[in-house]
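Quick notes on the structure that follows.
The values are calculated or read from the model by the stated rules, or taken from the named source; none is laboratory data. All values reported here derive from a predicted model rather than from experimental measurement. Here the Cβ positions follow ideal geometry from the backbone for every residue, glycine too, while neighbour counts run over all protein chains shown.
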Amino acid sequence: MKDKIIPLVKPSMPPYSEYINEIKDLWDTRYLTHTGPKHNRLEKALSNYLNVDKIALFTNGHLALELSILALEVKGEVITTPFTFISTTHAIVRNGLDPVFCDIKKDDYTIDASKIEELVTEKTSAILPVHVYGNICDYKEIERIAKKYNLKVIYDAAHAFGETVDGINVSNLGDASMFSFHATKVFHTVEGGGVTFKDDNLYNKFGSLRQFGMNQKHEIIDIGTNAKMTEIHAAMGLCNMKHIDDEIKKRKKVVERYRERLSDIKGIKLNEEKENIKNNYAYFPVLFDGYKANRDEVFEELKKSNIMARKYFFPLTNNIECYKDRFDVNKTPIAKYVADRILTLPLYADLELSDVDRICDIIINI
Ligand SMILES: *Cc1c(COP(=O)(O)O)cnc(C)c1O
């Protein structure tokens, strides 16, 4: 008999009856999209949870990021990381801007802030770092550099929903932070995204940009797109919000089991846990360096047993087919080193601890 398939991720869903109850009134109201009552309730719930005055909601995280860059009027060059999901780099390029890739830190894989300043030119207008795997960037140093050179800071916080650093919710960092509510993320609306921001004026700007550039009087004031969150999606968000603490607690249990089994093994480096960060347990990356098997061998061995790990992030975005002729991957050697050795293991709230054991046994006994 074939081994049971263990997927990399498995979206959490609220009890069926909860969701059905939440969407029932749509058959009466026929209010399906356009910042409806459910959208507005979700906005409030998320603002509370993330400890911000306002959040703007979108059809997905990627468009939320593209529109953040547009709304903040970023021009020219944007200093960013290649160790991320392709969305981050696409969002810059699709705005007609030039990404400038900064290397990452070996300990937590976030942008190496000590290497940002040397990349600043007169064309630089923003920094776009990523809180990769929920590891929070060196926000103080990034803020210092941004002030010194008058740069905008937009965080890709897709991995950091609900996290705090030094007691500050990450949604309060930078000029704007983008969150993804994709089905595979810790909190989701099936597809969806949100942006938190410093300048209050951005709220109306986002409202217009996601609705073809229309203002509340239906005048076209901007070259916008269509990126609204529907009531059906907001309803999923409202239901999932009720279970978010439980979701994170369950993920924590899975991560603790992985740590128990895989720490202190020669050649296996786990993601460091930091005292000043409240984690959301979104990912479990493992770095294989000097282990008896390399990353690709571990990946294949797991696959043979129907366990779906992922080489995340490999390749680097500056080395992906559509970009590799434009950028030199050797300028970000640490990112390259990490991308060649990292593997994220299956992680979701309902992952059985016995399955975690099966995964770890295969890695240990390889
Ligand atoms: C998921 C993700 C995105 C894109 O979000 P979507 O909601 O899928 O559009 C962007 N950046 C990172 C780092 C992500 O993980």
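Go through the range 185-204 and give me each residue that's in contact with a Leu (Cβ under 8 Å, 6 or more places away or on another chain) and within 11 Å of the ligand (Cβ to nearest atom). Result: THR189, GLY192, GLY193, GLY194.
Okay, residues lined up against (1) touching a strand residue (DSSP E or B) at 6+ places or on another chain (Cβ under 7 Å); (2) more than 24 Å from HIS90 (Cβ to Cβ):
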| position | (1), (2) |
| --- | --- |
| TYR312 | yes, no |
| LEU316 | no, no |
| ASN319 | no, no |
| CYS322 | no, no |
| LYS336 | no, no |
| ASP350 | no, yes |
| ASP361 | no, yes |
| ILE366 | no, yes |
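Limited to the range 312-366, what total is found for residues that are in contact with a Lys or Arg (Cβ under 6 Å, 6 or more places away or on another chain), over 25 Å from LYS250 (Cα atoms) and in a helix (DSSP H, G or I)?
Taking the range 312-366 and keeping what is in contact with a Lys or Arg (Cβ under 6 Å, 6 or more places away or on another chain), we get 329, 334, 341, 343-344, 348-349, 353, 356, 360.
After this cut, where a residue has to be over 25 Å from LYS250 (Cα atoms) as well, the list is 329, 334, 341.
Subsequent filtering for residues that are in a helix (DSSP H, G or I) retains 329, 334.
Selection size over the range 312-366: 2.
The C-beta contact set for the range 39-66 (first residue on the phi < 0 side of the Ramachandran plot and at pLDDT 95 or above, second residue part of a strand (DSSP E or B) and away from the ligand (no atom under 16 Å from the Cβ), distance under 9 angstrom, 6+ apart or interchain) comprises TYR49/ASN169; LEU50/ASN169; VAL52/ASN169; VAL52/PHE197; LYS54/PHE197; ILE55/PHE197; ALA56/PHE197. In this structure, SER114 does not satisfy being more than 16 Å from the ligand (Cβ to nearest atom) and either of a type in the set (Asp, Glu) or under 19 Å from PHE181 (Cα atoms) (or both). Take the conditions (1) buried (at least 24 other Cβ atoms within 10 Å of the Cβ); (2) of a type outside the set (Val, Ile, Thr); (3) within 22 Å of HIS90 (Cα to Cα); GLU163 misses just one of them, which is (3). When restricted to residues that are surrounded by fewer than 24 Cβ atoms within 10 Å (Cβ to Cβ) and either away from the ligand (no atom under 12 Å from the Cβ) or assigned to a helix (DSSP H, G or I) (or both), the range 77-86 contains 2. Total residues in the range 181-202 satisfying the condition of being surrounded by fewer than 16 Cβ atoms within 10 Å (Cβ to Cβ) and not in a loop (DSSP other than H, G, I, E, B): the figure is 0.
Within the range 31-45, identify whether any single residue is in a helix (DSSP H, G or I), more than 16 Å from the ligand (Cβ to nearest atom) and touching a Phe, Trp or Tyr at 6+ places or on another chain (Cβ under 7 Å), and answer yes or no.
Among the residues of the range 31-45, at least one is in a helix (DSSP H, G or I), more than 16 Å from the ligand (Cβ to nearest atom) and touching a Phe, Trp or Tyr at 6+ places or on another chain (Cβ under 7 Å), which makes the answer yes.
Among the residues of the range 118-153, the ones that are among the hydroxyl-bearing types (Ser, Thr, Tyr) and within 16 Å of the ligand (Cβ to nearest atom) come to 1 in all.
Do the conditions hold for ALA235, that is, is it out of contact with any strand residue (DSSP E or B) (no Cβ under 7 Å at 6 or more places or on another chain), part of a helix (DSSP H, G or I) and modelled with pLDDT of 95 or more?
Numbers: out of contact with any strand residue (DSSP E or B) (no Cβ under 7 Å at 6 or more places or on another chain): yes; part of a helix (DSSP H, G or I): yes; modelled with pLDDT of 95 or more: yes.
Yes; evaluated as a whole, the condition is true for this residue.
So, in the range 2-16, of the ones that are assigned to a loop (DSSP other than H, G, I, E, B) and either touching a Phe, Trp or Tyr at 6+ places or on another chain (Cβ under 6 Å) or aromatic (Phe, Trp, Tyr) (or both), which residue ends up surrounded by the most Cβ atoms within 10 Å (Cβ to Cβ)?
Keep residues of the range 2-16 that are assigned to a loop (DSSP other than H, G, I, E, B), which gives 2-5, 7-15.
Narrowing the set further to residues that are either touching a Phe, Trp or Tyr at 6+ places or on another chain (Cβ under 6 Å) or aromatic (Phe, Trp, Tyr) (or both) leaves 9-10.
Details: VAL9: 18, LYS10: 15.
Across the range 2-16, the extreme among qualifying residues is VAL9.
Looking at MET178, MET229, just one residue is over 18 Å from LEU50 (Cα atoms), of a type in the set (A, V, I, L, M, F, W, C), in contact (Cβ under 8 Å) with a residue 12 or more places away in the chain and not in a helix (DSSP H, G or I), and that residue is MET229. Here is the figure for the range 297-341: residues that are within 20 Å of VAL9 (Cα to Cα), within 22 Å of the chain's Cα centre (by Cα) and charged (D, E, K, R) total 2.
For VAL74, only one of the following conditions fails: (1) within 18 Å of LEU202 (Cβ to Cβ); (2) in a helix (DSSP H, G or I); (3) aliphatic (A, V, I, L, M); (4) away from the ligand (no atom under 16 Å from the Cβ). What is its number? Of everything listed in (1) within 18 Å of LEU202 (Cβ to Cβ); (2) in a helix (DSSP H, G or I); (3) aliphatic (A, V, I, L, M); (4) away from the ligand (no atom under 16 Å from the Cβ), VAL74 misses just condition (2).
Can you work out which of the residues in the range 321-366 that are under 24 Å from SER305 (Cβ atoms) and charged (D, E, K, R) is surrounded by the most Cβ atoms within 10 Å (Cβ to Cβ)? Per the stated criteria, the residue is ARG341.
Restricting to the range 224-270, give me the number of residues that are β-branched (Val, Ile, Thr) and over 29 Å from GLU18 (Cα atoms). Walk me through it before giving the result.
Initially, the range 224-270 is screened for residues β-branched (Val, Ile, Thr), giving 225, 230, 232, 244, 248, 254-255, 265, 268.
When the remaining residues are screened for being over 29 Å from GLU18 (Cα atoms), the result is 225, 265, 268.
Total meeting the criteria: 3.
In the range 154-172, the qualifying residues are those that are within 16 Å of the ligand (Cβ to nearest atom) and in a strand (DSSP E or B), and the one that is farthest from GLU117 (Cα to Cα) is ASP156.
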